[in-house]
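Below: the structure, in structure tokens.
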Amino acid sequence: MIIAIDGPAASGKGTIGKRVAAHYGFRHLDTGLIYRAVAKSVLEDGALDNPADAIRAAQSLDPFRFAEDDLKADEVGKAASVISVIPEVRSALLAFQRDFAKSLPGAVLDGRDIGTVIAPEAEVKIFVTATPQERARRRALELKGRGQAVDEQAILADIVQRDERDTNRAVAPLKQAPDAHLLDTTHLDIDAAVRAAIDIVEAVRAGRGRG
Ligand code: DC
């Protein structure tokens, strides 16, 4: 079974994906980390405004080269949003994600285009959202928790800019698939959001069983 989870930055989709996968004993892939790994390679060894550098990095990517914590930095996320508009970068990363989606007994992938491009055949598709203000508030809390100084307005501006870029790019934009279930987590804590996601999976499984 494939469970596709898409949504904007800081919507909670990564944590939901990880916990839903653990619940079912499925493998989990946070596809944002792959784009972040390409971005990190370019930041270390290339120029962000030179698409050829990003394409080369994507084509020779070892997705496990970086520690997850290094990839989670804000500047890497922003750079990932920039390089992910390049069609050749996206196509270089396609096979890895599609192979992963075939994992047995099942796979959970989260990202921006899982339900629309990577695995349109996924049995369960969930589109996770929350208002930009709520996402900025969560991100600020997370950073504060790590002892970092935060400017919530600047975080909100970054989130709005990232939404704009991810939603309006020509190839594989962030978009709810027509057959995706909408999960708005604005008023849910993470436990409630995970429960709601599992409820969606169970409802789909029950429906399939009857059909
Ligand atoms: O989910 P994230 O914040 O780790 O993703 C970082 C960036 O990577 C995001 O702004 C756009 C890009 N991305 C993408 O284009 N497609 C995906 N499936 C996942 C991430």
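Coordinate-derived values only; no laboratory data. Note that the structure is a prediction, hence the values are computed from the model and not measured. In this analysis, Cβ positions are derived from the backbone assuming ideal geometry, glycine residues included, and neighbour counts consider all displayed protein chains.
Tabulated data
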item: In Hz, Karplus ³J(HN,Hα) per residue of the range 19-28 (6.51, -1.76, 1.60; θ = phi - 60°; x = Gly, Pro); result: 6, 5, 4, 4, 4, 9, x, 9, 7, 10
item: Hypothetical label at LEU188: residues of the range 109-135 whose amide nitrogen lies under 11 Å (7 Å Cα-Cβ projection); result: 126-130
item: For the chain, Kirkwood radius (reciprocal of mean inverse C-alpha pair distance, Å); result: 17.5 Å
item: Proximal lysines to LYS125, defined as alpha-carbon separation beneath 19 angstrom and excluding residues fewer than eight positions away on the same chain; result: LYS13, LYS18, LYS102, LYS175
item: Positive dipole terminus of the range 54-211, leading residue within GLY115, THR129, ALA54 (C-beta point charges); result: GLY115
item: 17 Å reach of a label modelled at VAL160, 7 Å along Cα-to-Cβ, counting backbone N of the range 128-145; result: 130-140
item: Hits among lysines - C-alpha to C-alpha of LYS144 under 19 Å, sequence gap 8 or more where chains match; result: LYS72
item: 5 angstrom amide H check on ASP184, placed H, neighbours 5+ away; result: THR129
item: HN-Hα J in Hz across the range 155-162 - Karplus 6.51, -1.76, 1.60, θ = phi - 60°, x for Gly and Pro; result: 5, 4, 4, 5, 5, 5, 5, 5
item: 5 angstrom amide H check on LEU29, placed H, neighbours 5+ away; result: VAL108, LEU109, ASP110
item: Proxy reagent accessibility, fewest Cβ within 10 Å first, across ILE126, ILE86, ILE34; result: ILE86, ILE34, ILE126
